[in-house]
Amino acid sequence: MARQEIVSDTTAQAVFSFVQRESTPRRPIGGKMVMRGQLERLLEVCAFRNVDLQVLPRTTTSSTSTTATCPGRRRTR
């Protein structure tokens, strides 16, 4: 929980960038309610101005850069 507090601190100057494989949220862990809660939390975190969450598509090779970003957000890099 301490890590989540750091990420959600909008007064901090820190910027966080995360890359997650597309297959990760598809793995069933803890049942449907747990999975739903995890996905909802990812969407909440995407709304933070200091967080950049990118999804690495399953079809991407290791040398290809990430192309998908949070919903509603334009890539800035």
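The values are calculated or read from the model by the stated rules, or taken from the named source; none is laboratory data. Note that the structure is predicted; figures quoted are calculated from it, not measured. Here the Cβ positions follow ideal geometry from the backbone for every residue, glycine too, while neighbour counts run over all protein chains shown.
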So, first residue modelled with pLDDT of 85 or more in the range 14-36, second residue loosely packed, with under 12 Cβ neighbours inside 10 Å and part of a loop (DSSP other than H, G, I, E, B), Cβ within less than 6 Å, six or more apart or across chains; the pairs are Glu22/Arg58; Ser23/Arg58
Going through the range 35-52 in order, the residues found to be within 12 Å of Phe18 (Cβ to Cβ) and part of a loop (DSSP other than H, G, I, E, B) are Phe48, Asn50
